[in-house]
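Visitor: Next up is a structure, given as structure tokens.
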């Protein structure tokens, strides 16, 4: 019998099954601070955030600012420079703060992403540096997306400046920009290094923008927290008058519920098919694009929730009494639950807004999962939406709107 060669023995020793599996886990954690006057040198929140992992290092920090915030706060850039100068032993300002377009315009133009990345390249940023982004949810989305793909991810500190961003989008792990007419078509999951909610920035907002931000609180209350819904219901009149203390309470509670879901749902990066925190959003996202963002995100979400609340009742999932409580809350807060864009038709003569369902289906991997309401505080999922009931829901919503206009006119 021939003796096996040394080469043959080596090959046999290295022979393995045709596949192998490697599993690993990464823990993510980030603090969410609630404060006032974040760039006052007497306020050490930003300093502590930057130093929380490497206190002996001199950190390089780049700032991007929403142009709406820069306009409303003309001293902001000087405040930033003075703050970093005060703590120059710990922080170095990279370049000049970059002012970017505010609102959804920043997400609708991919060149804005490239402009941010060009600036990051120009200042020589590295993976241990920080990008501090100050602005509304759309600007946070765009700048955080740019930072997440530069060097495969740069540390980001978010400073949300709107009710909606402080309560919802600014404390989440998603970011992205609109592309091909689709909401957030390009994006990444990238947890921030930290979030700093400065209540002082809310004073720069219009009443319309403050009210729009409350929509996400109603949403999360309807699907997650009956007690929170009752708080909003009991205080709806005062919230509609923009009581600062109540606005602060609802922002904090909404943010808490949002991050609790992210941390405990078992699917923070949405690898599965569910998006429970997007109740009312299939219609909202479509209405935003159809109106070219004439509707604020929160305003579109309110309308989207109204459609799904009425659909839930028509389908026998939700009682009419509970449905009307939810609709009344939205109306008392100041939301208009109708927009003529809902009735716009597509090339085939159907409701164009229904395209939002197909876009959701595509985003979720081909199988539809839509969150509806069975009880106040308890959402559940369906995998099909009956078009005849959706049409009836829209017609019901239109009739309700026309009745309210008539009553108010009298």
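Visitor: Compute the length gained on full extension between residue 67 and residue 86: take 0.36 nm times their separation in residues and subtract their Cα-Cα distance, giving the result in nm to one decimal.
Guide: 4.3 nm
Visitor: Next question, about the same structure. Evaluate the chain: find the radius of gyration of its Cα atoms, find its Kirkwood radius, and give the ratio Rg to Rh.
Guide: That ratio is 1.05, to two decimals.
Visitor: What nm distance separates the two modelled labels at residue 348 and residue 78, each placed 7 Å from Cα along Cα→Cβ?
Guide: 6.0 nm
Visitor: Quick one: pull the percentage of alpha-carbon pairs in region 32-204 with a separation above 25 Å.
Guide: 23 percent
Visitor: Could you give the length gained on full extension between residue 27 and residue 51, defined as 0.36 nm per residue of separation minus the Cα-Cα distance, in nm?
Guide: 6.7 nm
Visitor: Based on alpha-carbon centroids, what's the gap between region 336-406 and region 197-227 in Å, whole number please?
Guide: For region 336-406 versus region 197-227, the Cα centre distance is 23 Å.
Visitor: Find how much the distance from residue 6 to residue 315 grows on full extension, using 0.36 nm per residue of separation minus their present alpha carbon separation; answer in nm with one decimal.
Guide: Difference between extended and current length: 103.9 nm.
Visitor: Most mobile of 261, 297, 281 per a Gaussian network model of the chain (Cα springs, under 10 Å)?
Guide: In this elastic network of the chain, the residue with the biggest mean-square fluctuation among 261, 297, 281 is 261.
Visitor: Where does the chain land at 222 nm, in deg cm²/dmol rounded to the nearest 500, when only DSSP H runs of n ≥ 4 count, each adding -39500 (n - 2.57), divided by all residues?
Guide: Rounded to the nearest 500, the figure is -14500 deg cm²/dmol.
Visitor: Roughly how many whole Å is it from the C-alpha centroid of region 231-254 to that of region 107-146?
Guide: Rounded to whole Å, the Cα centres lie 32 Å apart.
Visitor: Something else: Compute the FRET efficiency between residue 382 and residue 58 as 1/(1 + (r/R0)^6), taking r as their Cβ-Cβ distance and R0 = 60 Å, and round to the nearest 0.05.
Guide: Approximately 0.65, to the nearest 0.05.
Visitor: Order 336-343, 49-56, 207-214 from most to least packed using the mean count of other Cβ atoms within 10 Å.
Guide: 207-214, 336-343, 49-56
Visitor: Same structure, new question: More than 15 Å apart: what percent of Cα pairs in region 65-120 qualify?
Guide: Result for the distance tail: 56 percent.
Visitor: Does region 331-401 classify as rounded, prolate or oblate by the C-alpha gyration tensor (a ≥ b ≥ c root eigenvalues; a/c under 1.5 gives rounded; else a/b over b/c gives prolate, otherwise oblate)?
Guide: oblate
Visitor: Order these peptides, 127-136, 155-164, 24-33, by their mean beta-carbon neighbour count within 10 angstrom, highest first.
Guide: Answer by packing, highest mean first, reads 155-164, 127-136, 24-33.
The numbers here are math on the coordinates, done by the rules we state, and not lab data. In this text, all values refer to a predicted model and were calculated from it rather than measured experimentally. We place every Cβ from the backbone using ideal geometry, glycine too, and count neighbours over all the protein chains shown.
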